[in-house]
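To keep things clear, I will list the structure first and then write my remarks on it.
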Amino acid sequence: MNKSLSKMALAMIVVGAGLLLGSPSTAHAQDHGAAAAHEEKGTFLTAEGAKKMGGAIGAGLVIMGGGAGIGRIGGSAVEAMARQPEAAGQISTGMIITAAMIEGATLFGVVVGLLAVLL
């Protein structure tokens, strides 16, 4: 069930991005000098807008992946502690170290995504 839902969500994102990037731009009241400043004409999303949207989507995906990874670690650790209560201390220590590593990588990914948006 989860895999089919994930595939459907990914397909919807791809189709939505394709429609957004391929749609013609709407008419806006502006002078010709401002229109000439844009390099790309005829598309809804300019190169600068695509860069910002890509960075924002990337940062969001990194957050989702990091949250899913830490959640999976926590769930697996609780299951392991339930099976072997005498090893709970070692399991808990390993879980915290691994979750901290994932959180660090997630933070790095978010910073890179936000730098793409802001710079």
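The values are calculated or read from the model by the stated rules, or taken from the named source; none is laboratory data. These figures come from a predicted structure and were not determined experimentally. Please note: Cβ atoms are built from the backbone with ideal geometry, for glycine as well, and neighbour counts cover all protein chains shown. Only protein heavy atoms, including side chains, enter the accessible area calculation; ligands, DNA and RNA are left aside. Shrake-Rupley method; radii C 1.70, N 1.55, O 1.52, S 1.80 Å.
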Revision key, fill the gap. D (µm²/s, integer) via Stokes-Einstein for the range 42-107, Kirkwood Rh across alpha-carbon pairs, 20 °C, 1.002 mPa s: value 153 µm²/s
Review point. Just the accessible area for E79, please: 1.4 Å probe, Å², rounded to the nearest 10?
Key: 110 Å²
Exercise for review: Would you mind getting me the FRET efficiency between S92 and L61? Use the beta-carbon distance for r and R0 = 41 Å, nearest 0.05.
Suggested key: 0.90
Check your understanding: Over the heavy atoms of V111, what accessible area does a 1.4 Å probe trace out, to the nearest 10 Å²?
Key -> 70 Å²
